[in-house]
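Undergrad: My questions will all concern the structure given below.
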Amino acid sequence: MTWLESIYLWNIGKGMLITIKHFFKKKATIQYPEQKRTFSQVFRGLHVLNRDEEGRERCTACGLCAVACPAEAITMEAAERQKGEENLYREEKYAAKYEINMLRCIFCGYCEEACPKDAIYLSQTFAPANYGRQGFIYKKDDLLIPDPVKDPEGYKKALGERAKA
């Protein structure tokens, strides 16, 4: 064997040693349904519209979240509260239509910072996969947390999610 061939065999041996070391290292992937990945404390996930303790919506349709959104992902239409709707809304105005286009959202959190009533926040859950584009446009009913009067367990669970955020 020539000197050049012996150097080549040495390099092959070093490469095999690196490969064998990787067999004994911890795997980088996680098995998703069984194992959950831990997120950072500052992780921003899906948007949630908040309610107060009596079940009334906090959003007053001021539009500050839509103005603060750099991606223009939030659209809303304001409406006046009618007689008999005092138990549904806190203020005179409310958001009759509230939509967030998650395909445009960049999860910057400016909407959460701009809201004076603490009506919107970004939770620790992430957007599920979907086959169609319409599945990524979340309407007001999709974003509202459960009513504490009608569904106290769902409300407590949503508050626990809020505490994580």
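The values are calculated or read from the model by the stated rules, or taken from the named source; none is laboratory data. Predicted model only: the values in this text are computed from it and were never measured. Methodologically, a virtual Cβ is constructed for each residue, glycine included, from the backbone with ideal geometry; neighbour enumeration extends over all protein chains shown.
Let's see how each residue does on (1) closer than 28 Å to GLU153 by Cβ; (2) touching a Phe, Trp or Tyr at 6+ places or on another chain (Cβ under 9 Å):
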{"site": "VAL48", "(1), (2)": "yes, yes"}
{"site": "GLU57", "(1), (2)": "yes, yes"}
{"site": "ALA71", "(1), (2)": "no, no"}
{"site": "MET102", "(1), (2)": "yes, yes"}
{"site": "TYR121", "(1), (2)": "yes, no"}
{"site": "GLY132", "(1), (2)": "no, no"}
{"site": "GLY135", "(1), (2)": "yes, no"}
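Undergrad: Collect the residues in segment 63-86 that are out of contact with any strand residue (DSSP E or B) (no Cβ under 7 Å at 6 or more places or on another chain), part of a loop (DSSP other than H, G, I, E, B) and at pLDDT 90 or above, keeping them in residue-number order.
TA: First, pick out the residues of segment 63-86 that are out of contact with any strand residue (DSSP E or B) (no Cβ under 7 Å at 6 or more places or on another chain): 64, 67-72, 82-86.
Subset that is part of a loop (DSSP other than H, G, I, E, B): 69-72, 82-86.
Residues satisfying the conditions are CYS69, PRO70, ALA71, GLU72.
Undergrad: Given the conditions (1) closer than 23 Å to GLN134 by Cα; (2) surrounded by 14 or more Cβ atoms within 10 Å (Cβ to Cβ), which single one is not true for GLU72?
TA: (2)
Undergrad: Do you know which residues across segment 96-129 are touching an Asp or Glu at 6+ places or on another chain (Cβ under 7 Å) and either without any contact (Cβ under 8 Å) to a residue 60 or more places away in the chain or charged (D, E, K, R) (or both)?
TA: Those that are touching an Asp or Glu at 6+ places or on another chain (Cβ under 7 Å) and either without any contact (Cβ under 8 Å) to a residue 60 or more places away in the chain or charged (D, E, K, R) (or both): ALA96, LYS97, ARG104.
Undergrad: Same structure, new question: MET1 is checked against (1) at pLDDT below 85; (2) within 30 Å of LEU122 (Cα to Cα) and fails just one. What number does that condition carry?
TA: Looking at each condition in turn, MET1 falls short on (2).
Undergrad: Considering only residues of segment 138-165 that are at pLDDT 80 or above and either part of a helix (DSSP H, G or I) or polar (S, T, N, Q) (or both), which is surrounded by the fewest Cβ atoms within 10 Å (Cβ to Cβ)?
TA: Restricting to residues being at pLDDT 80 or above and either part of a helix (DSSP H, G or I) or polar (S, T, N, Q) (or both), the top hit is ASP141.
Undergrad: Checking the structure you have, find out if any residue of segment 35-44 is touching a strand residue (DSSP E or B) at 6+ places or on another chain (Cβ under 8 Å), touching a residue at least 12 places away in the same chain (Cβ under 8 Å) and surrounded by 11 or more Cβ atoms within 10 Å (Cβ to Cβ). Reasoning before the result, please.
TA: Initial filter on segment 35-44 (touching a strand residue (DSSP E or B) at 6+ places or on another chain (Cβ under 8 Å)): 44.
Subsequent filtering for residues that are touching a residue at least 12 places away in the same chain (Cβ under 8 Å) retains 44.
In the following step, the residues that additionally are surrounded by 11 or more Cβ atoms within 10 Å (Cβ to Cβ) were identified as 44.
Yes, some residue in segment 35-44 is touching a strand residue (DSSP E or B) at 6+ places or on another chain (Cβ under 8 Å), touching a residue at least 12 places away in the same chain (Cβ under 8 Å) and surrounded by 11 or more Cβ atoms within 10 Å (Cβ to Cβ).
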